[in-house]
Amino acid sequence: MDINELLEPFVRMLDAAASPAVVRAIEHGGSADALWREIAGSGFLDALVADEHGGAGLTLADIEPLIEALGARAVPLPVAETMVARALLAKSGIAAPDGSVVLVTSLAQPVPCGLVAQAALVDCGDALVLCDMAQLSPAPTGVTNSLAARISGKPEGRSLPRPASGLRAIAAVLRAALIAGAAARLCDVTTAYASERVQFGKPIGRQQSLQQMLALMAEDMIACRIAAQLGASHGLNVPLAAAATAKIATSSAAPRIAATAHAVHGAIGISEEYDLQLLTRRLHEWRLADGSEGYWSQVLGQSRLASTVTSVDWIRQSVFA
């Protein structure tokens, strides 16, 4: 399948249904039902569900550009997470809920979009449990306009097999792709602003110092995209080393990209009415979600030290196999 045949209608749907005004309204407590109905009605939620279960039978690598598109538009719903959850549930013969599903990889950490999700797929260490989000008592984190939730309580519901590397490895790849999408949009927006903003009689983008900042920003953005594609290339059976590589690269770049975007935009970039903050806030949230670069660096280091092969062979076998 030509990826554009899949991506173009998805992007058109998001641009029409998930405008910055809609995103802001949901962040400020408005209903997300209309946006969810539009996304659910598109049929994309079953993209990862196998053919024999009525889905499109696509791989995580196939839909990685779609996840980037979600990140680029700061979509305030767990769409990618629901795609993964529906695929895992269908494989186990369990009917998926009609609403959105978040992936809970730790009861101790905030869950992105936890305040607007209907259900949760929780990694309990030995199995996955599907439960209503209300069972986990979602509560705001205190971060302004964030839809992430702190959770508590014991998940109870249908149980299904846990992927070999757990749910966190899959979730880390999703965050990496979301970061890559937001990074690409920030690069476009920031470059356009530097070309349009005139100071002392010429666009600020002609200043050599800003050109260097934008070049480094673009390098980080491309690195994020490559890392996300690498993580997604393994499908839903994501090896820990591949997940770690994807999340380390993207989480490390996220604060640099956000800082450059704000530095180039100046004072307007930090204002709530300007769209920039919709993306930069999410970069920081996704950076920490499901393990920061520090957490995944430890995972990657322990995996490397446990092997006796040379580093080059280990990378080939563990990351690029």
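Some notes on this structure:
- Selection count where residues are β-branched (Val, Ile, Thr) and either assigned to a helix (DSSP H, G or I) or surrounded by fewer than 14 Cβ atoms within 10 Å (Cβ to Cβ) (or both), scope segment 117-141: 0
- Counted residues, segment 52-63 - those being part of a helix (DSSP H, G or I) and open to solvent by 10 Å² or more (accessible area, probe 1.4 Å): 4
- Screening the candidates Asp220, Asp132, Asp126 for the property of being over 19 Å from Tyr295 (Cβ atoms), among the acidic types (Asp, Glu) and in contact with a strand residue (DSSP E or B) (Cβ under 7 Å, 6 or more places away or on another chain) yields one hit, Asp132.
- Flag for Val49 being open to solvent by less than 40 Å² (accessible area, probe 1.4 Å), closer than 17 Å to Trp286 by Cβ and either among the β-branched types (Val, Ile, Thr) or not in a loop (DSSP other than H, G, I, E, B) (or both): no
- Taking residues in segment 255-277 that are farther than 18 Å from Leu288 by Cβ, and partners anywhere that are of a type in the set (A, V, I, L, M, F, W, C) and part of a loop (DSSP other than H, G, I, E, B), the pairs with Cβ atoms closer than 9 Å and at least 6 places apart or on different chains are Asp275/Ala74.
- Qualifying positions in segment 184-199 - in a helix (DSSP H, G or I) and either loosely packed, with under 14 Cβ neighbours inside 10 Å or of a type outside the set (Val, Ile, Thr) (or both): Ala184, Arg185, Leu186, Cys187, Asp188, Ala192, Tyr193, Ala194, Ser195, Glu196
- Single condition Phe200 does not satisfy, out of (1) on the phi < 0 side of the Ramachandran plot; (2) hydrophobic (A, V, I, L, M, F, W, C); (3) without any contact (Cβ under 8 Å) to a residue 40 or more places away in the chain: (1)
- With respect to (1) of a type outside the set (Gly, Ala, Ser); (2) out of contact with any strand residue (DSSP E or B) (no Cβ under 8 Å at 6 or more places or on another chain); (3) in a loop (DSSP other than H, G, I, E, B), the lone exception for Ile94 is condition (2).
- Cβ pairs under 8 Å, 6+ apart, first in segment 148-172 and farther than 20 Å from Glu285 by Cβ, second of a type in the set (Asp, Glu) and in a strand (DSSP E or B): Gly157/Asp132; Arg162/Asp123; Gly166/Asp123
- Residue match in segment 173-183 (condition: of a type outside the set (S, T, N, Q), open to solvent by 60 Å² or more (accessible area, probe 1.4 Å) and either in a helix (DSSP H, G or I) or at pLDDT 95 or above (or both)): no
The values are calculated or read from the model by the stated rules, or taken from the named source; none is laboratory data. A quick note: this is a predicted structure, and the numbers were derived from the prediction, not measured. Methodologically, a virtual Cβ is constructed for each residue, glycine included, from the backbone with ideal geometry; neighbour enumeration extends over all protein chains shown. Calculation scope for accessible area: heavy atoms of the full protein, side chains included, ligands and nucleic acids excluded. Shrake-Rupley method; radii C 1.70, N 1.55, O 1.52, S 1.80 Å.
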